[in-house]
Every structure is written in structure tokens, then in C-alpha cells.
């Protein structure tokens with residue numbers, strides 16, 4: 001591909017996207033909502049949800065079909081619920097007492113960079129956010145997931161046309177997808193939204209285009225002295241094993257209170273965990289990483305495959321995930337880092353202050369800004385984590401993967417992209433949502449004078465420090 005070919009290719013896609021936006025510019029709120037529902041149905045329909053999940057696993061070699069079906073449907077349904085409650089066309093807020101009216105406007109052509117771990121659900125999720133505010137989206141998929149993403153895009157385009165809306169509101173980069181093509185898209189789009197590698201996030205921020213990136217996960221979870229151990233173990237197993245631990249919200253470490261350590265390990269074993277011997281741990285260390293990097297041939301595999309790769313003993317037969325013990329988090333140990341596999345590092349903690357110190361060490365290695373979890377019946381301990389740990393989310397007594405990206409039993413918005421704030425080098429400190437895909441015009445009228453006397457604002461300061 002010559003140096004001019006990426007530019008020409010992207011110019012053609014962007015032109016089609018702008019033409020589609022022009023045709024969609026006068027869409028009412030009801031029409032925008034119908035278009036979003038069409039996109040949701042494109043992946044939620046049971047036959048397509050399964051077909052796309054099967055394609056994703058077959059093409060990328062990552063994750064689990066049944067989990068991806070759940071992700072295709074549950075995340076999409078939850079996102080549709082959230083979007084149905086948001087105004088995104090015309091007047092979105094009227095505040096007569098403040099003399100202000102807010103109008104939503106499109107941001108333009110959105111470049112949506114999506115990861116190999118979610119080649120179908122994430123593109124649809126971002127397309128729903130974009131089209132909600134009458135934008136167009138061009139998806140830059142992972143090269144390994146192009147086929148599955150392309151199929152999802154075809155389904156979305158077909159559903160849009162069925163409703164009479166321009167198909168070019170949703171497009172995909174042609175294959176072979178490469179860095180030059182993705183970089184050119186970032187530079188020509190009006191907004192870049194990146195989920196996936198931190199390398200892509202950094203490239204987006206340096207593209208010269210407004211960009212939203214999300215941080216790396218490496219979730220540590222505390223099991224407190226008064227936790228319901230069996231409930232915690234079942235939730236941890238459910239979360240850790242979902243999609244073979246490909247989620248950025250999957251637990252990577254457990255910090256267990258010393259007073260309940262043995263009982264907690266027993267509960268985790270009952271839930272499906274295997275505690276590895278020191279020899280098994282060393283084989284995991286040798287095979288999960290190659291030259292200091294996660295081994296692509298090992299990550300995101302099912303438990304049976306990993307048991308064979310790691311040559312685990314008969315005690316591991318039937319286990320659903322594998323635990324390795326470490327004394328304390330060590331920045332030089334790979335087990336402190338994100339593992340993208342059914343391997344869980346386990347530590348002992350003396351009390352909540354020790355837990356906080358160990359959490360800080362883990363997150364300084366990877367995952368700062370993202371999230372932590374705690375299983376506890378002491379509300380103050382969860383509050384202490386929220387006050388002191390530099391993360392956007394602290395989940396209490398939840399299966400982390402199921403709760404962190406939005407759930408029907410918590411108030412987080414459904415998403416597949418989770419901001420980590422400036423701690424993670426991100427511009428957002430919340431779950432990616434519809435508000436990030438709209439510009440807002442403020443109509444400002446005068447109101448009765450709101451100017452307090454000097455004494456009201458400076459009085460206490462003057463009294464304490466003088467004029």
C-alpha cells in the first residue's frame with residue numbers, strides 16, 4: 001500500500017459517512033431511537049448473537065462462545081435500556097430558573113477502534129452510542145477479528161436499511177486492516193473512541209483529533225474478614241471464568257484477610273478453583289509469559305486447555321480456574337500484572353490498611369484508574385477504599401465482570417469501554433456513554449442578578465486572616 005492509498009481510502013469512507021449524516025440530520029428523537037434499536041436487534045437476535053459469537057472465537061482464538069453470546073445480548077440490551085432514557089436530539093434540558101436551554105448536536109464522524117477480545121459486541125455498542133446523537137461511525141477492528149466485526153457491521157447496515165435509514169451511518173475499514181489505515185482514520189475523523197491496546201490509545205491521543213481512550217484493567221478484589229465466603233467465591237468464579245477472563249474487568253488478584261484465609265481458599269475450591277503447588281506455579285510462570293509478554297497461544301483459553309498446557313496434577317481435574325499464591329505484590333513478578341487467563345494471584349492481608357497498601361502496589365504495576373472490588377459486610381471498609389484508592393469504580397459484593405460495565409442491579413451505565421481518569425491517562429472518569437457522543441449548544445438568557453455581597457464570600461476569610 002503506497003503512502004497515498006490509506007488517505008484516499010479513508011477519504012472515501014469519510015465522505016460516505018458525511019453524506020449519510022446529512023440524510024439523517026433531520027431525524028427526530030423517535031427516529032434516532034428507532035435507528036439505535038435497529039442496531040441493537042442486529043446483534044441481539046438469538047441466531048445472529050450465536051453466529052457472531054462463534055465467528056469471534058473461531059477467528060481470534062480468544063474467549064468462550066457461550067459467554068460471547070451473553071455479552072452480545074446482555075450488554076446490548078442494557079445499553080439499549082440506558083439509551084432509551086436519554087434525550088439526544090434538539091432540546092435535552094430546559095432550566096427556566098437559570099435561563100438556560102441545552103441543545104444536543106452531533107460530534108461528526110466517529111472513528112471506533114475495537115479490540116480482538118470483543119470483535120462484535122464492542123462495535124455494536126459504540127455504533128449505538130454514535131447513532132443515538134445522529135453521528136456516523138467507522139469501525140477500525142482488530143485485524144484478527146475483522147471477519148466477525150464485518151459480519152456485525154453487515155447486520156447493522158441491513159437493519160438500518162430495513163427502517164429506511166442510510167446504511168453508511170455504519171462502516172468498517174476494508175481488510176487488510178493495518179496501523180497506517182487506522183492512523184489515517186483517526187486523523188480524518190471528528191472524534192476517536194478507542195477500546196483495546198494502550199498503544200492504540202496513545203496513538204489516538206497523538207492523532208490531532210479529539211479522542212477518548214480507556215485504561216488497562218488488572219482488577220484486584222479484597223475478601224474481608226466478615227465476607228460471606230461462599231457467596232464471594234461463587235461470584236468470583238462466575239466473573240473470572242466469563243469469556244475465559246478476556247474482560248478488562250476480570251479479577252486478576254485476590255487479597256484475603258488472614259483470619260479467614262484458609263476458609264476462603266476452601267470456599268474458592270468448592271466454587272471451582274484449584275490452588276496450585278509451587279511446582280505448578282513455576283510451570284505457569286514459564287508458559288503464560290514469553291520474553292516478558294503474555295503468550296498469545298495461552299491467554300483466553302478454557303480451563304481444560306490450560307490444565308494441559310501447565311501440566312497440572314490430578315487435583316486440578318474439573319477445576320474452572322487456577323490460583324497461585326504470592327507473599328505480597330511484587331512489581332517484578334509477572335503474577336502482579338494482568339493475566340488475561342484463568343489464573344488468579346492470591347495474597348494475604350492483615351487488615352484494611354494492609355489491603356489498601358497492597359492494592360496500591362498492584363495498581364501501580366497495571367490497572368490504576370480502572371477498578372477494584374471488595375466482598376465485605378463492613379460498609380466503612382468499602383468506603384475507605386473509595387476514599388483512598390485511585391480508581392473510578394469500587395464494586396461491593398459483586399461479580400466484578402458482570403457489574404463493572406453496567407448491570408441491572410447497580411447504577412453504572414452499560415458499556416464495553418470503561419474510562420480510568422487521568423490515573424490511566426484517560427479523559428473520562430466514568431463508563432463510556434451517550435453523553436460522550438454529542439456536542440451541546442447552550443442557549444443563555446438573562447436572569448435576576450445573582451451577585452452576593454463581598455462580605456458573604458470574603459467575610460470568614462477576612463475574619464481569620466485579615467484584609
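Just so you know, all these numbers are worked out from the coordinates, no wet-lab data involved. Here the structure is a predicted model, which is why all the values come from computation and not from measurement. Positions of Cβ are generated from backbone atoms using ideal geometry, with glycine treated the same way; all protein chains shown enter the neighbour counts.
For the stretch 33-64 versus the stretch 385-410, the spacing of their alpha-carbon centroids is 26 Å. Between the alpha-carbon centers of the stretch 127-190 and the stretch 326-343, tell me the distance in whole angstrom. Going from one Cα centre to the other spans 36 Å.
Using a/c under 1.5 as the rounded threshold, could you call the stretch 1-158 rounded, prolate or oblate? The axes a ≥ b ≥ c are square roots of the C-alpha gyration tensor eigenvalues, and prolate needs a/b larger than b/c, oblate otherwise. Kindly include the intermediate steps, with their values, before the conclusion.
On the way: a/c = 2.43, a/b = 1.36, b/c = 1.79.
Judged from the Cα gyration tensor, the stretch 1-158 comes out oblate (a/c at least 1.5, b/c at or above a/b).
Ranking of 91, 372 by neighbouring Cβ atoms within 10 Å, starting from the fewest: 91, 372.
Of all beta bridges DSSP finds with both residues in the chain, what is the antiparallel percent, to the nearest 5? Mind showing how you got there, number by number?
Numbers: 15 of 55 bridges.
Around 25 percent of the beta bridges assigned by DSSP in the chain are antiparallel ones.
Shape class for the chain: oblate, because the ratio a/c of the largest to smallest gyration tensor axis (alpha-carbon atoms, square roots of eigenvalues) is 1.5 or more and b/c is at least a/b.
Grab the beta carbon distance between residue 19 and residue 427, set R0 = 35 Å, and tell me the FRET efficiency rounded to 0.05. After rounding to 0.05, the efficiency reads 0.75.
Find the relative contact order for the stretch 33-76 and round it to a whole percent, using C-alpha pairs within less than 8 Å whose residues are 6+ positions apart. Before the final figure, lay out the partial values.
Numbers: 29 pairs, mean separation 18.0, N = 44.
So the answer I get is 41 percent.
Measuring r between the beta carbons of residue 279 and residue 320 and using R0 = 22 Å, the FRET efficiency lands at 0.55.
Normalising the average separation of contacting C-alpha pairs (under 8 angstrom, six or more residues apart) by the number of residues puts the relative contact order of the chain at 17 percent. Peptides 93-106, 270-283, 179-192 ordered by packing proxy, namely the average of other Cβ atoms within 10 Å per residue, highest first: 179-192, 270-283, 93-106.
Quick one: which of 227-236, 133-142 comes out on top by average Cβ neighbours within 10 Å, and what's the full order, highest first? Intermediate values should be presented prior to the final figure.
Numbers: 227-236: 21.0, 133-142: 26.5.
In decreasing order of mean packing, 227-236, 133-142 become 133-142, 227-236.
Computed extension length for residue 266-residue 467: 65.8 nm, one decimal, from 0.36 nm per residue of separation with the Cα-Cα distance subtracted. Stretched out straight at 0.36 nm per residue, the stretch from residue 199 to residue 100 would grow longer than its current Cα-Cα span by 31.6 nm. The distance from the alpha carbon centre of the stretch 246-286 to that of the stretch 414-467 is 43 Å, rounded to a whole number.
Exposure proxy check: 44, 165, 461 ranked by fewest other beta carbons within 10 Å?
On the way: 44 18, 165 23, 461 10.
Fewest-to-most ranking of 44, 165, 461: 461, 44, 165.
By the count of neighbouring beta-carbon atoms within 10 Å, fewest first, 170, 113 end up ordered 113, 170.
Can you compute the helix-only [θ] at 222 nm over the chain? Use -39500 (n - 2.57) per DSSP H run of at least 4 residues, normalise by all residues, nearest 500 deg cm²/dmol. All intermediate terms of the calculation are to be shown ahead of the outcome.
Numbers: 17 runs with 197 residues, N = 467.
Mean residue ellipticity at 222 nm (helix-derived): -13000 deg cm²/dmol.
What's the extension gain from residue 28 to residue 295 if we count 0.36 nm per residue and subtract their Cα-Cα distance? Intermediate results must be reported in sequence, preceding the final value.
Working: separation 267, 0.36 × 267 = 96.12 nm, distance 4.90 nm.
91.2 nm is the gain from fully extending residue 28 to residue 295.
In this simple spin-label model, placing a label point 7 Å from the Cα along the Cα-to-Cβ direction at both residue 228 and residue 408 gives a separation of 1.9 nm.
How big is the antiparallel share of DSSP beta bridges in the stretch 260-370, given as a percent to the nearest 5?
Details: 2 of 9 bridges.
So the antiparallel bridges amount to about 20 percent of the total.
Short-range pairs are left out: with C-alpha atoms under 8 Å and at least six residues apart, the relative contact order of the stretch 219-413 is 30 percent.
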